[in-house]
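The values are calculated or read from the model by the stated rules, or taken from the named source; none is laboratory data. Note that the coordinates shown come from a computational prediction; the quantities given were computed from them, not determined experimentally. All Cβ positions, glycine included, derive from the backbone under ideal geometry; neighbour counts span all protein chains shown.
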Amino acid sequence: MATFFDPKNVWKSEKGNAVTDTWCVARVYGKRNSNLIRAIESAIKRGNNHIDREFYKTKRFIPELGKSFDVYVMTRAGFFALARTFREGNPAYTRSFLYEFDQKQAVPFVMPTNRERNAMCSIEETQRVLGIPETEIDARVQKVLEKAIEGIPVVVKPAVCADGHISVSLEIPTAAIAKIKSRIDTYVASIFAEAMQKPKQATTPVTPANGTISVSDLAKMISSHGVEIGEMRLFAWLRENGYLCTSDADYNRPTQKAIQNGLLVVKVGHFTKPNGQIVRCVTPRVTEKGQIYFSNKFLYNQTTK
């Protein structure tokens, strides 16, 4: 018959671990000690999740019966695995046992290995914490992450799994995450600044064409000096950097800034649709000054005024 739970059903072993035994569990849940022993031995024989590490067999003297009985002493993980096999049982008893386990052994801890104790932050863990998709990890990103996590340690954190077993995980401290993000920002900024300051060597000086040229011809001029860029990409760059308008009404029309600086001019033309309608069109043209200016932007990362 089941009895009320007694905190003494869980105690500390000689090694300092919180334990209980099959006799206490059987008495609380109203089960037979011999049946619990058979269930444990059957699980050990099957080798379920190395469960044999959570139990050891011994003798226990029962004063009220005046004799000793075989019992299995078990850890918190062992008790949890055993309790899960009970088809009937008051969940309050299970919670009481687990509470006493946690009180007797505040942190169910497995000593980490030397490798875990001295572990440093990994790129994989940093990628997971920062939410960087796998598809974005290329050689450049990996190099930045390697520099950002250099010397950053991880903490060993024990945790109880759903099956009651204890696992050790390696986690990046919150303060270290902020430090990693700061390092990444610094490294990315320095790489960008270095790329902008380092001039690219053109094979020959840029010689502008007489008069104005189209954006397509400018793209060909820049490409002939070693920087690959097509007409569409150059149009996009001019819009993104404020040299061409982006509104629907004035799309790809030179901005006032580009016209005032003498970089671009407007060519107005007309064409006739198949239905006979005459349509006015505006095309940007690059001046001689603009040819040198934009070429130097791409070839030397600088502006020649």
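Before moving on, here are some points about what is shown:
- Matching residues, the stretch 58-91, being free of Cβ contacts under 8 Å to residues at least 12 places away in the same chain and among the hydrophobic types (A, V, I, L, M, F, W, C): PHE61, LEU65
- Qualifying residues in the stretch 1-30 (those that are charged (D, E, K, R) and in a loop (DSSP other than H, G, I, E, B)) - the one modelled with the lowest pLDDT: LYS15
One line per residue, one yes/no per condition, for (1) without any contact (Cβ under 8 Å) to a residue 24 or more places away in the chain; (2) touching a Lys or Arg at 6+ places or on another chain (Cβ under 9 Å); (3) part of a loop (DSSP other than H, G, I, E, B); (4) not polar (S, T, N, Q):
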position	(1), (2), (3), (4)
GLU228	yes, no, yes, yes
MET232	yes, no, no, yes
ARG239	yes, no, no, yes
ASN252	no, yes, yes, no
ALA258	no, no, no, yes
VAL265	no, yes, no, yes
VAL268	yes, yes, no, yes
GLY276	yes, no, yes, yes
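- Answer residue from the stretch 224-249, given it is surrounded by 15 or more Cβ atoms within 10 Å (Cβ to Cβ) and more than 38 Å from the chain's Cα centre (by Cα) and is modelled with the lowest pLDDT among those: HIS225
- Checking the stated criteria, PRO199 turns out not to satisfy the condition of being surrounded by fewer than 17 Cβ atoms within 10 Å (Cβ to Cβ), in contact with a strand residue (DSSP E or B) (Cβ under 8 Å, 6 or more places away or on another chain), at pLDDT below 75 and farther than 30 Å from MET74 by Cα.
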